[in-house]
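Inspection log for the structure reproduced underneath, given as structure tokens.
The values are calculated or read from the model by the stated rules, or taken from the named source; none is laboratory data. All values reported here derive from a predicted model rather than from experimental measurement. Glycine gets a Cβ as well: all are built from the backbone with ideal geometry, and neighbour counts include every protein chain shown.
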Number of protein chains: 2
Amino acid sequence: MTDRPKAVVLLSGGLDSTTCLAIALSQGFDVYALSFRYGQRHEHELKMAAQIAAQTGVIEHRIVDIDLRAFGGSALTDDAFEVPKDRSINEMEDSIPVTYVPARNTVFLSYALAWAEVLSCFSIFIGVNALDYSGYPDCRPEFIEAFENMANLATKAAVEGQRKLSIHTPLLHMTKAQIVATGLSLGVDYSLTSTCYDPTEDGRACGSCDACLLRRKGFAENQMEDPIPYLI
Amino acid sequence: MTDRPKAVVLLSGGLDSTTCLAIALSQGFDVYALSFRYGQRHEHELKMAAQIAAQTGVIEHRIVDIDLRAFGGSALTDDAFEVPKDRSINEMEDSIPVTYVPARNTVFLSYALAWAEVLSCFSIFIGVNALDYSGYPDCRPEFIEAFENMANLATKAAVEGQRKLSIHTPLLHMTKAQIVATGLSLGVDYSLTSTCYDPTEDGRACGSCDACLLRRKGFAENQMEDPIPYLI
């Protein structure tokens, strides 16, 4: 036990959540990292999440099994859909992509809330980003605010008038380039992160899904080499 | 496919959710019933939920595995706690009971939201009740309202300006006696329902946990015999 405040940090093993974790640590939180095995086709990211958690000194890392494949409806959880490739930024911003997983962030944040309540923790970090990937409804500031409001009515602590719970979204208004720059300044080892929606069996990124394209753009704008292996 | 509106109904197999299901059917909804295997010690209720779903003509019944035992913190999901017995109604109302499961309704409603989104469904029914069991924070009207508000910012339909999603809580302001009376008027077969937090292996209700005591009171106030078997 330390005197430091606790935070539950949602950690997918991707670039954004890993940067978000580094920010939480740099702000002096004792971090409880939470990942999900939710039927994603890019389960490789969970191996990376475990390594990141181990190397950054979080207090505890849990991977919870949840079954979003039960409902389908997304290219990430339903093999009936294909992951789109080689789209322009304009195409990405044009509509909500098929990689959107129905209510995913709502479900993830609900689990984070459950763990936070058991831990007597009043901070949850999530690496959502409204700028470079505005297509996902559950990455928008108004959604986060509404979730925080709901969370403060949902728990025992809320009813008993204890401290208010905050959802921290340090990346919300950053570009991908700013996220990379912030992470590098905090010493994030991006070689451990996995961003691709459709990696190869041996863990190489496809290089052409929306997530790869945005990530590469972020490194390019920092004149940096992305340290992970790509298929193309 | 029918022209009837769709509803996702949270169905635990208990008295409240089964009555709630009957109300949704009576209002003309095509019902998609959703149950959870969440590590509850009273898993017997899931067998009952499956029978209820089969006999009432829901379109589909899904039981989703979720792991709330990963976090513990409740007598229903953590064997370190005991289920309280033989408490008075005053004692029940005095504080949030140890049977409260952290963020359970938030997690359940999040899954309901995910399924509703995939189904293009804009109604979710949950049998929460703020009168006879005011101890649970996530059964209060202000929580439900905040969840509904959040849900309407969380989904693709919300962003694309489609219909508003409603969380229906027909039991919210009913006493347990009124719930039983409503269910009986709709032909609910309460012999199929399971309410007890701590049933015997062969499915008999303990008769003395808070849930049993409230249920029995509801039947007694209707001058009705509760059709389920009790241990005592």
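Taking the conditions exactly as written (of a type in the set (A, V, I, L, M, F, W, C), under 24 Å from B:VAL101 (Cα atoms) and within 10 Å of chain B (Cβ to nearest Cβ)), does A:LEU113 satisfy them or not? It would help to see each step written out before you state the result.
Details: of a type in the set (A, V, I, L, M, F, W, C): yes; under 24 Å from B:VAL101 (Cα atoms): yes; within 10 Å of chain B (Cβ to nearest Cβ): yes.
Against the criterion (of a type in the set (A, V, I, L, M, F, W, C), under 24 Å from B:VAL101 (Cα atoms) and within 10 Å of chain B (Cβ to nearest Cβ)), A:LEU113 qualifies.
Can you name the residue in the stretch A:209-229 that is small (Gly, Ala, Ser) and crowded, with 20+ Cβ neighbours inside 10 Å and, of all such residues, is nearest to A:SER185 (Cα to Cα)?
First pass over the stretch A:209-229, keeping only residues small (Gly, Ala, Ser): A:211, A:218, A:220.
Now narrow it down to the ones that are crowded, with 20+ Cβ neighbours inside 10 Å: A:211, A:218.
Numbers: A:ALA211: 22, A:GLY218: 14 Å.
That would be A:GLY218.
Collect the residues in the stretch B:163-183 that are loosely packed, with under 13 Cβ neighbours inside 10 Å and within 14 Å of B:ILE144 (Cβ to Cβ), keeping them in residue-number order.
Hit for the stretch B:163-183 is B:HIS173, nothing else.
Could you check the stretch B:194-232 and list, in sequence order, the residues that are touching a residue at least 40 places away in the same chain (Cβ under 8 Å) and of a type in the set (Asp, Glu)?
If the condition is that a residue be touching a residue at least 40 places away in the same chain (Cβ under 8 Å) and of a type in the set (Asp, Glu), then B:ASP198, B:ASP210, B:GLU221 are the ones that fit.
In the stretch A:19-73, which residue that is touching a Leu at 6+ places or on another chain (Cβ under 8 Å) and of a type in the set (S, T, N, Q) is surrounded by the fewest Cβ atoms within 10 Å (Cβ to Cβ)?
My answer is A:GLN55.
Please go through the stretch A:124-162 and pick out each residue that is surrounded by fewer than 21 Cβ atoms within 10 Å (Cβ to Cβ) and touching a strand residue (DSSP E or B) at 6+ places or on another chain (Cβ under 7 Å).
Hit for the stretch A:124-162 is A:GLU148, nothing else.
Considering each of A:GLY73, A:GLY135 in turn, give the residue that is touching a Pro at 6+ places or on another chain (Cβ under 7 Å) and either over 21 Å from A:ASP16 (Cα atoms) or at pLDDT 95 or above (or both). Show your work before the answer.
Details: A:GLY135 fails: either over 21 Å from A:ASP16 (Cα atoms) or at pLDDT 95 or above (or both).
Exactly one of A:GLY73, A:GLY135 is touching a Pro at 6+ places or on another chain (Cβ under 7 Å) and either over 21 Å from A:ASP16 (Cα atoms) or at pLDDT 95 or above (or both), namely A:GLY73.
Residues in the stretch A:184-194: is at least one among the polar types (S, T, N, Q), in contact with a His (Cβ under 9 Å, 6 or more places away or on another chain) and surrounded by 18 or more Cβ atoms within 10 Å (Cβ to Cβ)? Spell out how you get there, then give the answer.
Keep residues of the stretch A:184-194 that are among the polar types (S, T, N, Q), which gives A:185, A:191, A:193-194.
Then drop every residue that is not in contact with a His (Cβ under 9 Å, 6 or more places away or on another chain), which leaves A:194.
The next check asks that each one be surrounded by 18 or more Cβ atoms within 10 Å (Cβ to Cβ); those that pass are A:194.
Yes - at least one qualifying residue is present in the stretch A:184-194.
Let's see how each residue does on (1) closer than 17 Å to B:SER110 by Cα; (2) touching a residue at least 12 places away in the same chain (Cβ under 8 Å):
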site: A:SER120; (1), (2): no, yes
site: A:ASN129; (1), (2): no, yes
site: A:GLY135; (1), (2): no, yes
site: A:ALA146; (1), (2): yes, no
site: A:MET150; (1), (2): yes, no
site: A:GLU160; (1), (2): no, no
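If you check B:VAL159 against the conditions, is it at pLDDT below 90 and either within 7 Å of another protein chain (Cβ to nearest Cβ) or under 19 Å from the mean Cα position of the chain (by Cα) (or both)?
yes
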